[in-house]
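S.K.: Have a look at this one.
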Amino acid sequence: MFRSTAVFAFIFLISYTGFSQTKEKEHASGFLMTSLTYKFNPKWMAYVELQARSIENFTPLDYSETKGGVGYTINKNNQPFIGFGRYITFQEHELYQRELRLWLQYTFTNNIGKLKLDHRGRAEQRFFHYPQTEDSKTDQRFRYRLSATLPINNKKVEANTFFVNGFEELFFGPKADLLKRNRLFTGFGYQFTRGVGASTGYMWQRELAPSGNRNLHFLYLAVNFVLDKGDDDRIDVPVAD
């Protein structure tokens, strides 16, 4: 427990070190998500996720994601995953940016009593297009996320379970701006059945750039669905991604 707490504290603190203060006015933003996990046999799963966010103001929605992929369960603690997504950004009600993204990720899971910890590493290849100028560019990004889920009224997350969860995630780039973003999330939820769960919470996101930093404050709401054709009794709770 001490090691995990120390890791959380370390990666939270380094996001502040050596960066200028944000100058933009801060406000609450919205973050809506729904996901479907389909475990079509004991080893393989497919995942689809839809997102809508309000970034510049609480309303209207000005960002969306449609993404998914396939994962393979090596054992209960190790899972590689390959994903693909489409990302749309609007500014002042006009289409500003389209992005296609490919990624590879690996998740290692361990438990400390009832507390479930997920260590996720991800490498992303990104393709951008700006319709207003017809410009295009590519970029790479690397991410590490440490997330924790703690069931309250049961030994594990199963039907009729209240839980709390949270995570810390760092985003890195291969160029001069090595540390690009830091996210911190805390929330709670309820697993109604094996196939349906909901969660809500608060996510703080710090954007780090040479031109200046920006803080975003998201109010998060998600509904998640699972179709399980295998014999896996685990329920993995998706969090803001």
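The values are calculated or read from the model by the stated rules, or taken from the named source; none is laboratory data. Predicted model, so just to flag it, every value in this text is computed and none were measured. All Cβ positions, glycine included, derive from the backbone under ideal geometry; neighbour counts span all protein chains shown.
S.K.: Please enumerate the residues belonging to the range 28-59 that are within 16 Å of the chain's Cα centre (by Cα) and more than 26 Å from Thr89 (Cβ to Cβ).
M.R.: The answer is Thr37, and nothing else.
S.K.: Looking for whichever is assigned to a loop (DSSP other than H, G, I, E, B), of a type in the set (D, E, K, R), closer than 20 Å to Arg53 by Cα and at pLDDT below 95 here; the options are Asp232, Asp177, Asp241. Which one fits? Outline the logic, then answer.
M.R.: On the way: Asp232 fails: closer than 20 Å to Arg53 by Cα; Asp177 fails: closer than 20 Å to Arg53 by Cα.
After applying the criteria, what remains is Asp241.
S.K.: Kindly list the number of the only condition in (1) buried (at least 17 other Cβ atoms within 10 Å of the Cβ); (2) in a strand (DSSP E or B) that fails for Val157.
M.R.: (2)
S.K.: Limited to the range 53-67, what total is found for residues that are part of a strand (DSSP E or B) and either among the aromatic types (Phe, Trp, Tyr) or buried (at least 16 other Cβ atoms within 10 Å of the Cβ) (or both)? Outline the logic, then answer.
M.R.: Here is the first cut: in the range 53-67, the residues part of a strand (DSSP E or B) are 53-54, 63-67.
Next, from what is left, pick out any that are either among the aromatic types (Phe, Trp, Tyr) or buried (at least 16 other Cβ atoms within 10 Å of the Cβ) (or both): 53-54, 63, 65, 67.
Total meeting the criteria: 5.
S.K.: May I pose another question? Here are some conditions: (1) buried (at least 19 other Cβ atoms within 10 Å of the Cβ); (2) outside any loop (DSSP other than H, G, I, E, B); (3) at pLDDT below 95; (4) of a type in the set (A, V, I, L, M). Met203 meets all but one. Which one does it not meet?
M.R.: Tallying (1) buried (at least 19 other Cβ atoms within 10 Å of the Cβ); (2) outside any loop (DSSP other than H, G, I, E, B); (3) at pLDDT below 95; (4) of a type in the set (A, V, I, L, M), Met203 fails exactly one: (3).
S.K.: If you don't mind, there's one more thing I want to ask. Give the range 120-135 a look and list any residue that's touching a residue at least 12 places away in the same chain (Cβ under 8 Å), surrounded by fewer than 16 Cβ atoms within 10 Å (Cβ to Cβ) and part of a strand (DSSP E or B), or say none. I'd like the intermediate steps shown before the answer.
M.R.: Taking the range 120-135 first, the residues touching a residue at least 12 places away in the same chain (Cβ under 8 Å) are 120-132.
With the extra rule that they be surrounded by fewer than 16 Cβ atoms within 10 Å (Cβ to Cβ), the set shrinks to 121, 123, 125, 127, 129-132.
The answer is Gly121, Ala123, Gln125, Phe127, His129, Tyr130.
S.K.: Listed residues Gln191, Gln205; which is farther than 17 Å from Thr149 by Cα and polar (S, T, N, Q)? If you could, list the steps in order and put the result at the bottom.
M.R.: On the way: Gln191 fails: farther than 17 Å from Thr149 by Cα.
From the options Gln191, Gln205, the qualifying one is Gln205.
S.K.: Restricting to the range 100-133, name every residue that is among the charged types (D, E, K, R) and within 14 Å of the chain's Cα centre (by Cα).
M.R.: Asp118, Arg120, Arg122, Glu124 - these are the residues of the range 100-133 that are among the charged types (D, E, K, R) and within 14 Å of the chain's Cα centre (by Cα).
S.K.: Does Glu56 qualify as being at pLDDT below 95 and at positive phi? Step through it out loud before you land on a result.
M.R.: Values: at pLDDT below 95: yes; at positive phi: no.
Answer is no for this residue.
S.K.: If you scan the range 75-112, which residues turn out to be within 18 Å of Asp233 (Cβ to Cβ), outside any strand (DSSP E or B) and out of contact with any Phe, Trp or Tyr (no Cβ under 9 Å at 6 or more places or on another chain)?
M.R.: Lys76
S.K.: Would you check if Arg3 is in a strand (DSSP E or B), among the charged types (D, E, K, R) and either at pLDDT below 50 or farther than 17 Å from Arg120 by Cβ (or both)?
M.R.: Numbers: in a strand (DSSP E or B): no; among the charged types (D, E, K, R): yes; either at pLDDT below 50 or farther than 17 Å from Arg120 by Cβ (or both): yes.
No: the conditions fail for Arg3.
S.K.: Of the residues Thr89, Thr138, which single one is β-branched (Val, Ile, Thr) and either out of contact with any Lys or Arg (no Cβ under 8 Å at 6 or more places or on another chain) or in contact (Cβ under 8 Å) with a residue 24 or more places away in the chain (or both)? Write out each step before concluding.
M.R.: Details: Thr138 fails: either out of contact with any Lys or Arg (no Cβ under 8 Å at 6 or more places or on another chain) or in contact (Cβ under 8 Å) with a residue 24 or more places away in the chain (or both).
From the options Thr89, Thr138, the qualifying one is Thr89.
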